[in-house]
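So the structure is just underneath, and the comments pick up after that.
The values are calculated or read from the model by the stated rules, or taken from the named source; none is laboratory data. The structure presented is a predicted model; accordingly, all values stated were derived computationally and were not measured. Cβ placement follows ideal geometry from the backbone for every residue including glycine, while neighbour counts extend to all protein chains displayed. Note: areas computed on protein heavy atoms with side chains; ligands, DNA, RNA excluded. Shrake-Rupley method; radii C 1.70, N 1.55, O 1.52, S 1.80 Å.
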Amino acid sequence: MNHPYREADLAADGEPEKEFNPGIAGRLPKKTTAAGALVRNSEGLILFLEAVYKPTLEIPGGVAEFDESPLDAVRREAREEIGIDIEIGSPLVVDWIPASGPWFDGIMFIFDGGVLTDDQIAQITLDATEARRFQFMTLDKAAPRMRPSMVRRLARAQQALEQGAPIYSEFGRQPEPRTAETVPAERNGSVGE
């Protein structure tokens, strides 16, 4: 997506910070970033897609490409997957997920995808390489066909809609409060013996 302000903002920041330890930028950890849209119909049911490349239900969205913002990613992915442009609203959830198997840890965003009109729903045209069908369901009905972490993330998104404020979560759960005594020594600046 073209951002008219991005080039000016980068220029205003000046040259990138120098690598005081050459090569360190290439050695920094990698994280996956993805974004989805919580899209509903007039009855409040959530739009779910039956993906062709995995057995679980998904919402419109996907992985952000290099140098693509989460907002741009969800706009692009939703357009590709359902064939219509939808108004993407505020972020509802920022959810950290741990590394698992071959996958890096990541940051998952869920944005408010709004409520589609009947006319918009009639115009949905699925990308056959992405999804075989779509349906609107309650989260409870969809839950058996989803990973538990995604069910938790979507429940948090619904909670954010109700309270009118975004939520941070870790693997779909509210993080436990930590005090300095419970933070591992290597993270709180203490030196171990």
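Would you point out the residue of segment 95-106, among those that are in a strand (DSSP E or B) and open to solvent by 40 Å² or more (accessible area, probe 1.4 Å), that is modelled with the highest pLDDT?
We begin by selecting, within segment 95-106, every residue in a strand (DSSP E or B); these are 95-97, 100, 103, 106.
Pick out the ones that are also open to solvent by 40 Å² or more (accessible area, probe 1.4 Å) and you get 96, 100, 103.
Details: TRP96: 96, SER100: 92, TRP103: 89.
Selected residue: TRP96.
In segment 130-144, the residues that are outside any strand (DSSP E or B) reach residues that are modelled with pLDDT under 95 and not aliphatic (A, V, I, L, M) with C-beta atoms within less than 8 angstrom, at least six apart or across chains, in these pairs: GLU130/TYR53. No other residue among ARG75, ARG6, ARG27, ARG40 is out of contact with any Ser or Thr (no Cβ under 7 Å at 6 or more places or on another chain) and closer than 22 Å to TRP96 by Cβ apart from ARG27. A search for C-beta distances below 6 Å between a residue of segment 1-30 that is without any contact (Cβ under 8 Å) to a residue 24 or more places away in the chain and any residue that is aliphatic (A, V, I, L, M), counting only pairs 6+ apart in sequence or on different chains, returns GLU19/ALA25. Counting only strands (runs of 3 or more DSSP E) that fall entirely inside segment 1-92 and contain at least 1 residues that are of a type in the set (D, E, K, R), surrounded by 11 or more Cβ atoms within 10 Å (Cβ to Cβ) and touching a Lys or Arg at 6+ places or on another chain (Cβ under 9 Å), the qualifying elements are 46-51. Has segment 113-123 got any residue that is open to solvent by less than 40 Å² (accessible area, probe 1.4 Å) and in a strand (DSSP E or B)? Yes - at least one qualifying residue is present in segment 113-123. Six or more apart or on different chains, Cβ atoms under 6 Å: show the pairs whose first residue is in segment 75-99 and closer than 18 Å to GLN158 by Cβ and polar (S, T, N, Q) and whose second is open to solvent by 20 Å² or more (accessible area, probe 1.4 Å) and outside any loop (DSSP other than H, G, I, E, B). Every condition considered, the pairs that remain are SER90/ASP112. Screening GLU130 on (1) modelled with pLDDT of 95 or more; (2) under 17 Å from GLU58 (Cα atoms) shows it passes everything except condition (1). Across segment 145-193, the number of residues qualifying as surrounded by fewer than 12 Cβ atoms within 10 Å (Cβ to Cβ), assigned to a loop (DSSP other than H, G, I, E, B) and either of a type in the set (Lys, Arg) or at pLDDT 80 or above (or both) comes to 6.
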